Amino acid sequence: MKYLIANFKQNGDKAFYADYAQHLKAHLVPNDKCRAIFCPPAPYLMFMSDCLRLHGVDADTCGQCISRFGSGAYTGGVSAAMVADCGAKYALVGHSEHHAASLKKITDKIKCSLQAKLKVILCVKDVNGLDAIPNGTRAEDIVIAYEPVEAIGTGVQPTTAKINQVVAELRAATASRLNGNPAVLYGGSVTSKNCKTLLKNCKIDGFIVGGASLNPANMVEIYNLVSTSK
Ligand code: PGA
């Protein structure tokens, strides 16, 4: 399965998410080759989940960040269970814009997600990031995203050779540790223009898109290209 993930970060409002879902209803034709997943900020997670469901858009939502604790006196915390209760099927974990997320904290977040029956999208900058995956995690419960920090929001991407090298390392390491083959995505300054070259030259299973995902027409275009790629 391929994946296309829209990471909206700290952007948008209710009208934006309502319009976005309308656009998807009109233009996105989901297929079984690629799963489209949308990550709105926590206050809009339930709203966007409901909009997609009411419009009959066959796509998922994902929490952008979850607490490493189950529940309790953690002001501002959003638990994995809350994210699941708001309609999400996935949790994004380990994104570099979450500062100081140690491997231990990332492991805790993965455990909380799996306990809440969320699948995990784990962002790593290299193969060492896989050390956060708890023992016993099933390959089908996790998607790995190679996200080089220097490519995020900068418009500058690694060479396709570098992407292929890191992706190959991630595939080899996950095959032995998880006893399976999770999808491996690339994220960092992906646009509807440069994604064609990436799909042609890199052995990847899809993308995480930040800035460019704020335009739903871009996402539909990238979705169609990922779906039809080999
Ligand atoms: P970008 O963000 O596409 O704006 O570089 C990607 C990400 O942070 O996942």
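The values are calculated or read from the model by the stated rules, or taken from the named source; none is laboratory data. Note that the structure is a prediction, hence the values are computed from the model and not measured. Glycine gets a Cβ as well: all are built from the backbone with ideal geometry, and neighbour counts include every protein chain shown. Side chains are part of the model used for accessible areas, which takes the heavy atoms of the whole protein and leaves out ligands, DNA and RNA. Shrake-Rupley method; radii C 1.70, N 1.55, O 1.52, S 1.80 Å.
A few notes on this one:
- Taking a point 7 Å out from the Cα of A168 in the direction of its Cβ, the residues of region 126-151 whose backbone N falls within less than 20 Å of it are 126-130, 144-148.
- Expected-Rg normalisation [2.2 N^0.38 Å, Cα atoms] applied to the chain: 0.94
- An oblate overall shape is assigned to region 98-188, the ratio a/c of its alpha-carbon gyration tensor axes (a ≥ b ≥ c) being 1.5 or greater and a/b not exceeding b/c.
- Pair E140, S102: separation of 7 Å Cα→Cβ label points (nm): 3.5
- Cross-link reach is defined here as a Cα-Cα straight distance under 19 Å, omitting same-chain residues fewer than 8 places apart; for K196 the aspartates and glutamates meeting it are E147, D205, E221.
- Partners of K111 within straight-line reach, counting lysines whose Cα lies under 19 Å from its Cα and excluding those fewer than 8 residues away in the same chain: K89, K119.
- The value given for region 1-112 is a Kirkwood hydrodynamic radius of 14.7 Å, derived from the mean inverse Cα-Cα separation.
- Surface per residue (accessible, 1.4 Å probe) for region 131-230, Å²: 45
- For region 107-191, relative contact order (Cα pairs under 8 Å, six or more residues apart, normalised by length) works out to 34 percent.
- Under 5 Å, built H, 5+ apart or other chain: amide partners of V190: G210
- Chymotrypsin sites (Phe, Trp or Tyr not before Pro) within region 1-75: DSSP coil, no more than 14 neighbouring Cβ in 10 Å: F69, Y74
- Fully extending the segment from A26 to K200 would add 59.8 nm, taking 0.36 nm per residue of separation and subtracting the current Cα-Cα distance.
- Full extension of the chain between K230 and K33 yields a length gain of 69.9 nm, computed as 0.36 nm times the residue separation minus the alpha carbon distance.
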